[in-house]
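Step one of this worksheet: look at the structure below.
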Amino acid sequence: TWQDNFQPITIDNKLTIIPDWEDINTTEFTIKIKPGMAFGTGHHETTWLVLNQMIKYIKPGMTVLDLGTGSGILAIAAKKIGAIKVDAVENDLDCKPNFFENIKLNNIIDGVNFFHSNVLDWRNLNYDFIIANINQKIIESLIPKFKSTNANIILSGVLAENSMIIEKLLQSINFKINENIIKNEWLCINTIKS
């Protein structure tokens, strides 16, 4: 019954997320996910929002940092969209087996690297794109660290009602908002250095 109720997700008619037992390719990019956890299947608003932004802004040949990778869905999407290198950082080792299952399901041989680390301890921010779909308190702690990067950054995991908190923190490090999008009560911020 659970499998019968798992609905594929399509974003902007370009990217489809399907469970590992399906085999349909109806869009330009298809991601297979083994639903090992409630979060990271693409059904949560924050994941949908980030994927929406990734499709619009990531270009082939870019480098991507995925902070708080979980199931690896965003890292896989970045690679499929054309990123040349994706570094995926995750502190919770319980996610690691699911991450590698999903990498294998999507026939990714190289270009996606898993690092077990607290995202707040990650030092290298020299990427074209940084993605953090993560708890708001962690985002608030990450933002000051972004001062040293020229990356385009996508942040999600923030309730829309708290948008001003994040926007003020970004302004304090001279970052401007490219785009804010909301799905239900969740906010996604696309930002870059002014």
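Cross-linked pairs K59/K85; K80/K145; K14/K176; K85/K193; K79/K147; K14/K104: Cα-Cα separations exceed 18 Å for K80/K145; K14/K176; K85/K193; K79/K147; K14/K104. Counting only protein heavy atoms and a probe of 1.4 Å, the accessible surface of the chain is 49% carbon and sulfur. Along its first, second and third principal axes, ordered by size, region 88-194 spans 39, 32, 21 Å in Cα coordinates. Considering only the chain, what is the antiparallel percent among its DSSP beta bridges, to the nearest 5? Counting DSSP beta bridges with both partners in the chain, the antiparallel share is about 40 percent. Springs join every pair of Cα atoms under 10 Å in this Gaussian network model of the chain, and among T26, T46, T63 the largest mean-square fluctuation is at T26. Taking amide H as placed 1.01 Å from N in the peptide plane, the amide H of S117 sits under 5 Å from that of E90, N91, each at least 5 places away or on another chain. Taken per residue, the accessible surface of the chain reaches 47 Å², heavy atoms only and a 1.4 Å probe. For the chain, the relative contact order comes to 18 percent (Cα pairs under 8 Å, sequence separation of at least 6).
Relative contact order of region 74-188: 21 percent, from C-alpha pairs under 8 Å at least 6 residues apart in sequence. Start at zero, step by 5 Å, and the Cα-Cα distances of the chain spread as 1, 8, 18, 21, 22, 16, 9, 4, 1, 0 percent across the bins. Close amide H partners of I108, meaning residues 5 or more places away or on another chain with modelled amide H under 5 Å apart, do not exist here. The heavy atoms of F29 present about 30 square angstrom of accessible area, all protein chains included, probe 1.4 Å.
Once divided by 2.2 N^0.38 Å, the Cα radius of gyration of region 60-103 becomes 1.08. When the Gaussian network model of the chain links Cα atoms closer than 10 Å, the mean-square fluctuations of I18, I73, I138 top out at I138.
The values are calculated or read from the model by the stated rules, or taken from the named source; none is laboratory data. Keep in mind it's a predicted model, so treat the numbers as computed, not measured. In case anyone asks, the SASA skips ligands and DNA or RNA and just uses the protein heavy atoms, side chains included. Shrake-Rupley method; radii C 1.70, N 1.55, O 1.52, S 1.80 Å.
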